[in-house]
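Novice: Sharing a structure, written as structure tokens. Questions coming.
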Amino acid sequence: MLAALASGRSEITGYAAAADCQSTLNCMERLGADVKRTAGEHGAVLSITGNGMNGLRRSWRTLDAENSGTTMRLLTGILAGQSFDSTMTGDASLRKRPMRRVIDPLTKMGARIEARDENFAPLHIHGSSLHPIQYALPVASAQVKSAVLLAGLFAEGETSVEEPVCTRDHTEVALGEFGASLRRQGRTIRITGRTPLQPRQLTVPGDLSSAVFLIAAALVLPDSDLMIHNVGLNPTRTAVLDVLCEWGAAVKIVSVHGETGELSGDIAVHHSSLKGGVLSGGIVAQLIDELPMLAALGPYTEEGIEIRDAGELRLKESDRVAVLAENLRRMGATVEERPDGLRVEGRSAGRLRGAEIDPADDHRMAMAFAIAALGASGPSVIRAAECVAISFPDFFPLLERLVDR
């Protein structure tokens, strides 16, 4: 997105083959970005030539974010400040996810956005002149924060966003790398609009939210040793490693280096006995994508796992609280489902058994239960397992190679 707003040619190495990333790329091409793809040693290399802050053009076709909430919410922030109108939609799952949380602050900036029931896609975005605002997020959300900051690029003056707790800051890092005028003071991020963006050469590190499934596999299977190279170690994303270490996991960062604003490194994992524990409060927002995997590890821990203050899980690609509870019970786990989370009993409740799993077309559910099934007695079947392509298309072939070693 930022490369398409820069003046000149950017090169992005390590661009993921995930469907969500492809959805973003397709939308930007329809908005006029010049994109060329080549194969590289560490994944696809993209060359994107942008025509500056005012270089996007109207797409006469509806922009389809497919399953990607990040694409829809962030791009809505950009489209709100354009001189043309746009329509965005998504798949059946995305059309059920709330968009008012983005529409409200953008409307305060002068945007005009129409939505089904004032909350759901498709979104009809009438591009207009924006003015800066000071916005306090009612709920911690990196996507909403990012949408407001991206809209702030097109506003005259300084836009600020205050977070209740610090969430992932990839958007802020990327904005800084492309030359935006951005500064953070505590939990408040300020951006000055109309600053031209400069093209960059960037390397994307591996996604820790995907790597956590492989880390969990090594923790579940006895005698496992695993090294994962070039994983993103942005400090706003590594809370999951802290939690696992607190629970007794033998997880160690063995090297760290910085590339284009983001930290990355290698992670070593050895099979370990996990204590488990309670996850609540501010840390939940930092773990939101990793909570499904942590919950599925519950039956492999000594004390079980309890997740609180996580009502946001019910508003993801599926109702992740309900899907976790239903499928863990199918595998014989003892689970208490709650409005804002769940409690999963530990190994004293008995070993998991193989079962037929319905991940509700949710990529993280499918991967979490694939890992849970590794330690279960008997085979498990995961329906519609191809949904993992949303974020990790090589997950099953890679897991099979690791387990067969």
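Novice: Out of the stretch 56-100, which residues are farther than 29 Å from Glu156 by Cα and of a type in the set (D, E, K, R)?
Specialist: Arg61, Asp64, Glu66, Asp91, Arg95, Lys96, Arg97
Listed here are the residues, each with its yes/no results for (1) outside the structural domain of Tyr15 (by TED's automatic domain parsing); (2) under 30 Å from Glu356 (Cβ atoms); (3) of a type in the set (Asp, Glu); (4) in contact (Cβ under 8 Å) with a residue 60 or more places away in the chain.
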{"site": "Leu219", "(1), (2), (3), (4)": "yes, yes, no, yes"}
{"site": "Asp223", "(1), (2), (3), (4)": "yes, yes, yes, no"}
{"site": "Glu246", "(1), (2), (3), (4)": "yes, no, yes, no"}
{"site": "Ile253", "(1), (2), (3), (4)": "yes, no, no, no"}
{"site": "Val256", "(1), (2), (3), (4)": "yes, no, no, no"}
{"site": "Lys275", "(1), (2), (3), (4)": "yes, no, no, no"}
{"site": "Glu306", "(1), (2), (3), (4)": "yes, yes, yes, no"}
{"site": "Asp309", "(1), (2), (3), (4)": "yes, no, yes, no"}
{"site": "Ser318", "(1), (2), (3), (4)": "yes, yes, no, yes"}
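Novice: Among the residues of the stretch 253-274, write down those that are loosely packed, with under 13 Cβ neighbours inside 10 Å and either closer than 25 Å to Arg200 by Cα or not β-branched (Val, Ile, Thr) (or both). Write out each step before concluding.
Specialist: Applying the first criterion (loosely packed, with under 13 Cβ neighbours inside 10 Å) to the stretch 253-274 yields 254-258.
Those that are loosely packed, with under 13 Cβ neighbours inside 10 Å and either closer than 25 Å to Arg200 by Cα or not β-branched (Val, Ile, Thr) (or both): Ser255, Val256, His257, Gly258.
Novice: Looking at the stretch 314-328, which of the residues that are part of a helix (DSSP H, G or I) and charged (D, E, K, R) is surrounded by the most Cβ atoms within 10 Å (Cβ to Cβ)?
Specialist: Arg320
Novice: Taking the stretch 329-347 on its own, how many of its residues are surrounded by fewer than 16 Cβ atoms within 10 Å (Cβ to Cβ) and either more than 15 Å from Asp309 (Cα to Cα) or not assigned by TED's automatic domain parsing to the domain that holds Gly311 (or both)?
Specialist: 1
Novice: What are the residues in the stretch 129-140 that are small (Gly, Ala, Ser), modelled with pLDDT of 95 or more and in a loop (DSSP other than H, G, I, E, B), if any? Lay out the reasoning, then the answer.
Specialist: Of the stretch 129-140, the ones small (Gly, Ala, Ser) are 129, 136, 140.
Next cut, modelled with pLDDT of 95 or more only: 129, 136.
Matches in the stretch 129-140: Ser129 only.
Novice: Of the residues in the stretch 348-359, how many are of a type in the set (Gly, Ala, Ser), modelled with pLDDT of 95 or more and surrounded by fewer than 19 Cβ atoms within 10 Å (Cβ to Cβ)?
Specialist: Total satisfying the criteria: 1.
Novice: Which pairs do you get when a residue that is closer than 16 Å to Gln134 by Cα, found in the stretch 173-197, comes within reach of a residue that is modelled with pLDDT under 95 and of a type in the set (Asp, Glu), reach meaning Cβ atoms under 9 angstrom, with the pair 6+ apart or on two chains?
Specialist: As it stands, the answer is Gly193/Glu156, since those pairs meet every condition given.
Novice: Here's another thing I want to ask about it. Among residues belonging to the stretch 337-347 that are closer than 23 Å to Ser273 by Cα and not aliphatic (A, V, I, L, M), point out the one that is modelled with the lowest pLDDT.
Specialist: Arg347
Novice: I've got another one for you. I need the full set of residues from the stretch 240-288 which are at positive phi and β-branched (Val, Ile, Thr), in order please.
Specialist: Thr260
Novice: Within the stretch 228-239, does at least one residue satisfy the condition of being touching a helix residue (DSSP H, G or I) at 6+ places or on another chain (Cβ under 6 Å) and either under 18 Å from Leu352 (Cβ atoms) or in the same structural domain as Val173 (by TED's automatic domain parsing) (or both)?
Specialist: no
Novice: For Ser280, indicate whether it is among the polar types (S, T, N, Q) and modelled with pLDDT of 95 or more. Write out each step before concluding.
Specialist: Working: among the polar types (S, T, N, Q): yes; modelled with pLDDT of 95 or more: yes.
In short, yes.
Novice: Moving to a separate point now. Name every residue in the stretch 159-188 that is hydrophobic (A, V, I, L, M, F, W, C) and touching a helix residue (DSSP H, G or I) at 6+ places or on another chain (Cβ under 6 Å), in order of residue number.
Specialist: Val161, Val165, Ala174, Phe178, Leu182
Novice: Right, something else. Going through the stretch 329-341 one residue at a time, which ones are outside any loop (DSSP other than H, G, I, E, B) and more than 27 Å from the chain's Cα centre (by Cα)?
Specialist: So the first thing to find is which residues in the stretch 329-341 are outside any loop (DSSP other than H, G, I, E, B), and the list is 329-330, 335-338, 341.
Scanning the stretch 329-341 gives a single hit, Arg330.
Novice: Please go through the stretch 342-396 and give me each residue that is within 26 Å of the chain's Cα centre (by Cα) and on the phi > 0 side of the Ramachandran plot, ordered by number.
Specialist: Ala360, Asp361, Ala384 - these are the residues of the stretch 342-396 that are within 26 Å of the chain's Cα centre (by Cα) and on the phi > 0 side of the Ramachandran plot.
Novice: Just for helices (runs of 4 or more DSSP H) wholly inside the stretch 1-119: which have at least 1 residues that are surrounded by fewer than 22 Cβ atoms within 10 Å (Cβ to Cβ) and more than 19 Å from the chain's Cα centre (by Cα)? It would help to see each step written out before you state the result.
Specialist: On the way: elements: 2-5, 19-30, 69-79, 100-108.
Of the helices (runs of 4 or more DSSP H) lying wholly inside the stretch 1-119, those with at least 1 residues that are surrounded by fewer than 22 Cβ atoms within 10 Å (Cβ to Cβ) and more than 19 Å from the chain's Cα centre (by Cα) span 19-30, 100-108.
Novice: Also: Within the stretch 56-103, can you find the residues that are more than 26 Å from Asp169 (Cβ to Cβ), out of contact with any strand residue (DSSP E or B) (no Cβ under 8 Å at 6 or more places or on another chain) and of a type in the set (S, T, N, Q)?
Specialist: Ser83, Ser93, listed by residue number.
Let's see how each residue does on (1) assigned to a helix (DSSP H, G or I); (2) touching a His at 6+ places or on another chain (Cβ under 6 Å); (3) surrounded by fewer than 15 Cβ atoms within 10 Å (Cβ to Cβ):
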residue: Met367; (1), (2), (3): yes, no, no
residue: Ala370; (1), (2), (3): yes, no, no
residue: Ala373; (1), (2), (3): yes, no, no
residue: Pro379; (1), (2), (3): no, no, yes
residue: Val388; (1), (2), (3): yes, yes, no
residue: Pro393; (1), (2), (3): no, no, no
residue: Pro397; (1), (2), (3): yes, no, yes
residue: Glu400; (1), (2), (3): yes, no, yes
residue: Val403; (1), (2), (3): yes, no, yes
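Novice: Which of the residues that make up the stretch 137-153 are among the β-branched types (Val, Ile, Thr) and surrounded by 24 or more Cβ atoms within 10 Å (Cβ to Cβ)? Talk me through it step by step, then tell me what you get.
Specialist: Here is the first cut: in the stretch 137-153, the ones among the β-branched types (Val, Ile, Thr) are 139, 144, 148.
Within the stretch 137-153, Val144, Val148 qualify.
The values are calculated or read from the model by the stated rules, or taken from the named source; none is laboratory data. What you see is a predicted model, and the numbers here were worked out from it, not measured in a lab. Heads up, the Cβs are rebuilt from the backbone with ideal geometry, glycines too, and the neighbour counts pull from every protein chain shown.
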